[in-house]
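Beneath this line is the structure, given in structure tokens, with notes to follow.
No value in this document is a laboratory result; all are computed from the given coordinates. Just so we're clear, the structure is a prediction, and the values are computed from it rather than from any experiment.
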Amino acid sequence: MGIFWGLVSAGVGAFATIQPRRAIQKIGVTKVVSFGMFVGGILTCFMTPPWAISGHWTPMAIVAAVFVVVFGTVGAFWCYLRSTEFIPPALTSILASFEPLSAVVLCVLLLGTSFNYVECIGAALIISNLFILSIPNDKFRAFFPRFRRAGLEN
């Protein structure tokens with residue numbers, strides 16, 4: 001199940017980086033992110049209605065929730081999509097692939113969590129992803145000629 005959702009997440013992440021490029025050029029990052037967050041918020045309400053969440057909302061809890069929404073979600077995604085105006089989406093995705101690795105390293109260093117062989121395998125896969133994606137197309141085609149014959153390049 002983890003592999004399935006990991007692959008789905010990778011596909012959706014690639015789609016979210018490449019698909020809005022034309023819209024960003026036409027109407028700007030702020031409107032694209034605003035519309036995406038609005039539609040995503042509406043759809044999420046059908047799965048987890050915010051009015052049905054139990055808990056005690058203290059002023060500090062409200063401040064923390066607003067901080068996570070504004071800076072951790074909207075701000076982070078706005079910066080991510082804005083970066084696609086300056087660097088290619090493929091490079092943006094490569095740089096974003098280091099986020100889970102940096103999260104694990106920071107958890108180990110700051111929170112004292114364990115780092116076992118499963119995390120080592122994941123880190124190796126993330127780093128290998130960087131090397132695979134940095135191979136120029138012509139070298140990739142020379143190394144895997146069957147992709148060229150099948151018309152799967154690009």
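Test of understanding: what is the full-extension gain from Ala124 to Glu85, defined as 0.36 nm times their sequence separation minus their Cα-Cα distance? Before the final figure, lay out each step's value.
Details: separation 39, 0.36 × 39 = 14.04 nm, distance 2.94 nm.
Taking Ala124 through Glu85 to full extension adds about 11.1 nm, to one decimal.
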**Prompt:** Can you give the relative contact order of the chain as a percent, counting alpha carbon pairs under 8 Å and 6+ residues apart?
**Reply:** 22
**Fill in**
Checked against the structure, the computed percent of Cα pairs over 21 Å apart among [x] 50; [y] 54; [z] 63 is the one labelled [z]
**Asked** Which distance in Å, rounded to a whole number, links the C-alpha centroids of region 116-132 and region 10-62?
**Response** 29
